[in-house]
Amino acid sequence: MPDPKQPSAQPSAPDSGEAPEGPTAPAPDDNPFAAPPEGRPDQPWRPRHSDAGPTDPTGPTGPTGPTGPFGPGQPPQQPSPRWDPTDPVQRRARYALLSGMWAFFFTLFHVPAMGLLLGSLAMYWGFSALRAKPTPPAPGAPTPPTRPQTTPAVAGLLTAALALILTASTYAMQIAYKDFYVCRDDALTKSAALKCNDLLPPPLRDLMGVKP
């Protein structure tokens, strides 16, 4: 039995003269560049989560989605293009717009036959594009707020209607004042063409008559 008056001898660590070690080295899992332990199968790369966690609304990966290129979650969806050349309805709307514009130009250039033809085609394509149902979007693609063919189809109808009105006015004037047009086309001299203005009403002589 040991004597209580004498302190028990405790082994002391040898003084090696070295300073105590600092913080322990990080575990292999904390080092993204460390080699995997032996025997562990290869795993696919996955983004590292922050301390806030994917369910923390204050973290960078909250319910509103990722905020960085390496955050988890789905990327924001890109809007689908408004002009789809493979859609026949949108093609008719574009045809209506182009035909209506050219019909208006041909009417201004005094080519009523082409204005009548292109204006009629523009009216047909425009109405068919407005009455047709658009092609449903692809699964997962956002639905556009308006139909893509509406704007060009309406613009084509307006320009075609204006071209047809001008063309109809031109043909109506040629029928109503046929004698003036025949006289003007058959005149051999300038003075004879000027006398054809007498076949027009006075308000129309400055507008439609032969200029001196």
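The figures follow:
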{"item": "Condition check for THR86: at pLDDT below 70 and exposed (fewer than 13 other Cβ atoms within 10 Å of the Cβ)", "result": "no"}
{"item": "Members of region 89-124 found to be free of Cβ contacts under 8 Å to residues at least 12 places away in the same chain and either of a type in the set (Lys, Arg) or surrounded by 22 or more Cβ atoms within 10 Å (Cβ to Cβ) (or both), listed by number", "result": "ARG91"}
{"item": "Elements of type helices (runs of 4 or more DSSP H) contained in region 168-212, each with 2 or more residues being under 56 Å from the mean Cα position of the chain (by Cα) and of a type in the set (Asp, Glu)", "result": "178-186"}
{"item": "Which numbered condition VAL154 misses (of (1) under 13 Å from ALA96 (Cα atoms); (2) modelled with pLDDT under 90)", "result": "(2)"}
{"item": "Residue in region 94-101 that is at pLDDT 90 or above, touching a Phe, Trp or Tyr at 6+ places or on another chain (Cβ under 6 Å) and assigned to a helix (DSSP H, G or I) present", "result": "yes"}
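The values are calculated or read from the model by the stated rules, or taken from the named source; none is laboratory data. Predicted model, so just to flag it, every value in this text is computed and none were measured. All Cβ positions, glycine included, derive from the backbone under ideal geometry; neighbour counts span all protein chains shown.
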